[in-house]
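Okay, structure first, notes after.
The values are calculated or read from the model by the stated rules, or taken from the named source; none is laboratory data. The shown structure was predicted, so the numbers you read here are calculated from the model rather than taken from an experiment. For neighbour counting, all protein chains shown are included, and Cβ atoms are generated from backbone atoms with ideal geometry for every residue, glycine included. SASA here: full protein model, heavy atoms, side chains in, ligands and nucleic acids out. Shrake-Rupley method; radii C 1.70, N 1.55, O 1.52, S 1.80 Å.
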Amino acid sequence: YVAAVYEHESVLSPTPAALVERRSALELMGRNLDIYEQQVLAAARQGAQIIVFPEDGIHGFNFTRSSIYPYLDFVPHSHSGKWNPCREPYLFNDTEVVQRLSCMALKHKVFLVANLGTKQPCQRQDPQCPPDGRFQFNTNVALGADGALLATYRKHNLYFEHAFDTPPEPDHAVFDTPFAGKFGMFTCFDILFFEPAVNLIRQYNLKQIVYPTAWMNQLPLLSAVEFQQAFATAFNVNILAANIHHPTLGMTGSGIYTPVKSFIYHNMESYGGKLIVAEIPVVTADYKTNLEKTPGRVSEKGKEQSPPSFYAEMMYDNYTFVPVWGEKGELQVCANTLCCYLNYQRAVLTDELYALGVFDGLHTVHGTYYVQACALVKCGGLSFSTCGQEVTDASALIDFQLWGNMSTPYIFPLLLTSGITLDYADHMGWKNNHYFLSKNRTSSGLLTAALYGRWYEKD
């Protein structure tokens, strides 16, 4: 099928904390919706059957609970499939945004997924009802090619979004299409958690995901395109990921991903939006998924003397590293119950320091979640203290096998190359209770090769 995602540079309110009238909120959102309209037309002309827009693309961000209120639409949560906002605009008040989205979908006969702010009144007697008598949600809507509202999803894992509420229960949002079957839907930070992302995919056996996001890139392990690709690979799904484009805030990185190929956009240099349109196969075959463990043991090789280990901070966590010296070698480094192993051979010795790092613990900055990671990274300079820094360019071509005795089945294989480009491993998966990743000769210099494990039970 033909899919489209649009990386949108939003027209933002200069003063998001100021209180405004609904009229001026609609005027600002209208400017973003005008751009959406152009992109839906452009995508439809290229044969797109579905288009996805980013999180916060219509209203922006940095609001307070009260300042966002005029920007919120009323979208009934339970009416999925029964209401067509474009054809029945009179059914509910305050639905101008969802009406415009519905009319775009109808006019261009495409499925459309977009993110907006919504409100829902609640009874003060309800213990979960906020003091102001309403819920405010960060919401995705999926609209059919006839304009009908097919599904709504209210973001569960909020990322310091003080204007929004967490829904009482995680939404499992799914909608059906004639061209690719069922799609699941979640937003941004959700991708790192069991609920709803993993649970949704497992319960509905999903193969297609739509993913609006407003992601701030964090190298070396959580760049948007890097993690989006890893997720598609780990769960054997297609992901249509639309990010916002604000390079000054570190926000870029969108793509259309299959488990074995991706069409991406990552651009920290220039301004303006970007439409990606690609034809991808409907995933049906289960290439043996990477979540199945096989029994057995790894034979212990005679270990040579490992180089000295050292500590450095990476992604706000304290990693234990060993330097990757010389043109070839075998290394191991351990922390808690996790041991990481690396066999490597460099094509040419370059003047660049690489290190093999391990972390097995609770990550606590910008969210709390348990990580088990084995990571081969290029350091920022030649001293140990630069390992873990954000690096975007590399020239070393390294053949490697990386493996670890991970305790969780949820492993995201990361492979990032120079200039924030993606590569695919030659082999990966479980073998003798270890997860491994191997690659001969990356297409360009290696930035990161990592096994990023999420141990959800220990969050």
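Just from its helices, what would the mean residue ellipticity at 222 nm be for the chain, if runs of 4 or more DSSP H residues each count -39500 (n - 2.57) and the sum is divided by every residue, rounded to the nearest 500 deg cm²/dmol? Could the numbers behind the result be given before it?
Numbers: 4 runs with 55 residues, N = 459.
Helix-only estimate at 222 nm: -4000 deg cm²/dmol.
Rg to Rh for the chain: what is it, with Cα atoms only and Rh by Kirkwood? Checking Rg against Rh, the ratio lands at 0.99. With both residues required to sit in the range 2-279, DSSP beta bridges show an antiparallel share near 70%.
Give the accessible surface of the range 310-458 per residue, rounded to a whole number of Å², with probe radius 1.4 Å and ligands, DNA and RNA excluded. Each step should come with its number before you reach the end.
Values: 5440 Å² over 149 residues.
The answer is 37 Å² per residue.
For the residue pairs Lys107/Lys207; Lys155/Lys207; Lys109/Lys274; Lys107/Lys261; Lys82/Lys107; Lys82/Lys119, the alpha carbons lie more than 24 Å apart in Lys107/Lys207; Lys107/Lys261. Accessible area per residue was computed with a 1.4 Å probe on protein heavy atoms; Glu27 scores about 110 Å². For the range 310-458, the pair-distance distribution built from all alpha carbon pairs, in bins 5 Å wide starting at 0, is 2, 11, 21, 24, 22, 14, 5, 1, 0 percent. Take each peptide in 266-277, 155-166, count the other Cβ atoms within 10 Å of every residue, and average; sorted highest first, the result is 155-166, 266-277.
Axis angle, to the nearest 10 degrees, between helix 22-45 and the longest C-alpha principal axis of the chain: 60 degrees.
The order of His108, His427, His366 by accessible area, most exposed first and with a 1.4 Å probe, is His427, His366, His108. Packing around the peptides 57-67, 222-232, taken as the average count of other Cβ atoms within 10 Å per residue, puts them in this order, highest first: 222-232, 57-67. Taking Cβ separations below 4.7 Å as the criterion for a possible disulfide partner, the isolated cysteines in the chain are Cys188. Carbon and sulfur: what percent of the range 310-458's accessible surface (1.4 Å probe)? So the carbon and sulfur contribution to the accessible surface is 48 percent.
Using equal-weight Cα scatterers in the Debye expression, the normalised intensity of the range 5-69 in log10 at q = 0.26, 0.27, 0.29 Å⁻¹ is -1.09, -1.15, -1.27. In terms of Cα atoms, the Rg and Dmax of the range 1-135 work out to 15.8, 51 Å.
When the convex hull of its Cα atoms is viewed from all sides, the range 125-230 shows a mean projected area of 8.4 nm². Treating each Cα of the range 381-459 as an identical point scatterer and summing with the Debye formula, the log10 of I(q)/I(0) at q = 0.20, 0.21, 0.26 Å⁻¹ comes to -0.94, -0.99, -1.19. Accessible surface calculations at 1.4 Å, restricted to protein heavy atoms, place the range 2-279 at 36 Å² per residue.
Debye sum, Cα scatterers, the range 80-138, no solvent: what log₁₀ I/I(0) at q = 0.17 1/Å? One equal scatterer on each Cα of the range 80-138 leads to -0.68.
Under unit Cβ charges (Lys, Arg +1; Asp, Glu -1), what dipole magnitude, rounded to 20 debye, does the chain have relative to its Cα centre?
Magnitude of the dipole: close to 820 debye.
Report note on the peptides 188-194, 367-373: ranked by the mean count of other C-beta atoms within 10 Å, highest first, their order is 188-194, 367-373.
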